[in-house]
1. Can you name every residue in the stretch 598-650 that is touching an Asp or Glu at 6+ places or on another chain (Cβ under 8 Å), more than 19 Å from GLN569 (Cα to Cα) and hydrophobic (A, V, I, L, M, F, W, C)?
2. Among ASN413, ASN454, which is the only one that is touching a Leu at 6+ places or on another chain (Cβ under 9 Å), at positive phi and loosely packed, with under 14 Cβ neighbours inside 10 Å?
3. Only one of ALA361, ALA391 is of a type in the set (A, V, I, L, M), in contact with a Lys or Arg (Cβ under 8 Å, 6 or more places away or on another chain) and either part of a helix (DSSP H, G or I) or not assigned by TED's automatic domain parsing to the domain that holds TYR410 (or both); which?
4. What pairs can you find where one residue is in the stretch 262-279 and in contact (Cβ under 8 Å) with a residue 24 or more places away in the chain, the other is among the acidic types (Asp, Glu) and part of a loop (DSSP other than H, G, I, E, B), and their Cβ atoms are less than 9 Å apart, with a gap of 6+ or different chains?
5. If we scan the stretch 700-714, do we find a residue that is part of a helix (DSSP H, G or I) and in contact with a strand residue (DSSP E or B) (Cβ under 9 Å, 6 or more places away or on another chain)?
6. Only one of (1) surrounded by 17 or more Cβ atoms within 10 Å (Cβ to Cβ); (2) touching a Lys or Arg at 6+ places or on another chain (Cβ under 6 Å) is not met by VAL379, so which one is it?
7. Exactly one condition in (1) modelled with pLDDT of 90 or more; (2) in a helix (DSSP H, G or I); (3) under 22 Å from ASP604 (Cα atoms) is not met by VAL563; state its number.
8. Among the numbered conditions (1) in a helix (DSSP H, G or I); (2) basic (Lys, Arg); (3) within 17 Å of SER624 (Cα to Cα), tell me where LYS647 comes up short.
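The values are calculated or read from the model by the stated rules, or taken from the named source; none is laboratory data. All of these numbers come straight from a predicted model, not from anything done at the bench. Positions of Cβ are backbone-derived with ideal geometry, glycine not excepted, and every protein chain shown enters the neighbour counts.
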Amino acid sequence: MPKLESLVKKLITASLDLNNTGLDAILTPQGPILIGDARFTVPFSEARYRSLINRLGVMVLELSTSGLIIYSNDVTRQLTGIATTELLGHNCLDIIKPSPLCASIDRLQQEFLKNSELIDYQTGIVTAANSVKVIAWNSFNIFDNDQRLNRIVYFGVDITERQLAEQELAIAAIAFETQEAMVISDAHNVILRVNKAYTVLTGYSSHEVIGKKTRLLKVDSHSSDFYTDKHKTIKNQGFWSGELYSQRKNGDQYQEYRTVKAVNNNEGVCTHYVSTHKDITEHKAAEIEIKRLAFYDSLTNLPNRRMLNDRLTSAIDSNFHSHLKGTLLFIDLDDFKTLNDTLGHAYGDLLLQQVAQRLKACVRQSDTVARLGGDEFIVLLEDLNENSFEAKRLSEIIGHKILKSLNCEYQLNNHVYHCTPSIGATLFDGQELPEELIKQADIAMYEAKKSGRNTLCFFDPQMQANISARAAMEKDLRQALLENQFVLYYQPQVDDQDRIVSAEVLIRWQHPLHDMVSPLDFIPLAEETKLILPIGLWVLEIACAQLKKWENNPCFQHLQLAVNVSARQFHEDDFVEQVCIIMSKYAIKPHLLKLELTESLVLDNIDETIVKMHALKKMGVLFSMDDFGTGYSSLSYLTQLPLDQLKIDQCFVHNMSVKSSDAVIVQTIIGMAHNLGMDVIAEGVETEEQRDFLKLHGCPAIQGYLFSKPLPIEQFESLLYSNQSNSHDLKRVC
């Protein structure tokens, strides 16, 4: 009996963590107990102890020396879900199977079967319901009077919930020490605990803040309403998150993102607050920078196209409801490219920055000044007036103020620079789209440039119509090249004996819908769009092909053809090579091809011109300077150019009889050509009087409607036959 009593004492001590002194009072058999006048003796029996063990909530298994279960208490049945009858007589490990999650199954089996005692050995078991319980095992060996092992008593305490709680605490402890600053405070906002990240963030050590109110970091950057709303949200919803300003120990302010979570007890009463603090100062600065890069021009710090579209959309919507008019100004700097090419882009950037400052100074605070890119700026004037005329008048005042400001000299480092703008303007009243307004202002700006620059021009619908017509013509021009809609006309050039000695080839466009289109209508557009390059090559090739056809015809084989060359075509790097290829292709006599160059073309990049002209001259090609006398360049270059002919412009020919100065110019050109050993020809001759004056003063060659207008090839050849058969009686064709 003492041995069994000792076992029970150990069992209860291990499971309840009580001291032996207290157990003695419970387990030691009592002497006589006085109940009233009766005296009772309470013996200590094994049945009594087993009953007591069952009440302890501890699993108890008694095993034989071979490992068979010979006793199992009710707690074992309750925890495992296995009936006692199914346990008795079976091997312990066959019935109570260790969990597969347990890494010490083999050791458990060894520990269960060896003759030693377990002390708080933990393992998992799988219950009949296939759930896992964590059990802490202890064991005692019971020996008989001969000190031989009689049986083994195992008891296990279910520590599943305790272990889960310990794991959660461990996880919480690890989470608490993350890189995010955390604070635990009581219901009165008194700080109870902070983590290391908090001390790093704020500069306060833990002992400096524990016991202090959480308002320790509060700054005056927020209104009292902000904090009132914050506390109401926490009280009503149990949670709050948001951005606010805080203050470090050294006084520096920073932006943080804070979350506050209320912790309630089982009765729903708040006992603690857990808050996290994240420094977002750099993040907010990055957001601002990203927004600046997305919506502002990095050079001038003005709104860019994206922000302009947003503000313009808002302005249009506002005007629609207010019925007020607004104006969009499109500003382009004249000759900005020249500044970049001469002084460099750094100086161009300085100019753009100063222009931005001047534009902002010319408008109201509510107006928008934006940079589209390059040297293009937009000024958005909002809410001017309900009346269109008054809104336009106010716009003109601001526009001329801008013109005056931008015309003032600029100091670009050590350079003084003058710049003028061209400004296009368009009114809007809330019915338009942003892209339409920008397009209209852009069109008006180009009209301002055409008007001489340094001026303000308002958009007119006719401008749009002209642009549309131009776009349609450009499309048709490209189609004309593909479909061979161009033809050459030939205008005779005659000598003083009325003999046709040469002809100027002139292009015409046989448009399928608009009949014959004059070169005056499409050549300028061809120049702008660079379509003049393929068109010019086509003219040159057709002219050479025609010379080849006439090569063996006695009536035509002497004839020269003059071909006009555009400036853009002549200044192409491979122009000389292109002419050589075409002449070689048709194997023509070079002296029959005469290239007509304008004075402005010749004197633009004179060094390049001289090289190219001499290269072609060596091949035998002739040159005529067209429109001579209309330019402003020095005549000294004439001696350096291999010219064969000077062509008197028709503007002088027409006015010879009415302006003495023009008559003098004509005589001077004729005399200059003779002195330089060049031929001379006058174009635009329409009257006998003009012809007689030219002939009198020594101009042998003449071209004009007096003799013939430009003719298609069939009519021109017919005229040639007639001229050859009767060279002294030239047939006049008007």
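1. Answer for the stretch 598-650, where residues must be touching an Asp or Glu at 6+ places or on another chain (Cβ under 8 Å), more than 19 Å from GLN569 (Cα to Cα) and hydrophobic (A, V, I, L, M, F, W, C): PHE628, LEU646, ILE648.
2. ASN413
3. That would be ALA391, the only listed residue that is of a type in the set (A, V, I, L, M), in contact with a Lys or Arg (Cβ under 8 Å, 6 or more places away or on another chain) and either part of a helix (DSSP H, G or I) or not assigned by TED's automatic domain parsing to the domain that holds TYR410 (or both).
4. Every condition considered, the pairs that remain are THR276/GLU180; HIS277/GLU180; LYS278/GLU180.
5. For the stretch 700-714, residues part of a helix (DSSP H, G or I) and in contact with a strand residue (DSSP E or B) (Cβ under 9 Å, 6 or more places away or on another chain): present.
6. Of (1) surrounded by 17 or more Cβ atoms within 10 Å (Cβ to Cβ); (2) touching a Lys or Arg at 6+ places or on another chain (Cβ under 6 Å), only one is false for VAL379: (2).
7. Status for VAL563: all satisfied but (2).
8. For LYS647, the failing item is (1).
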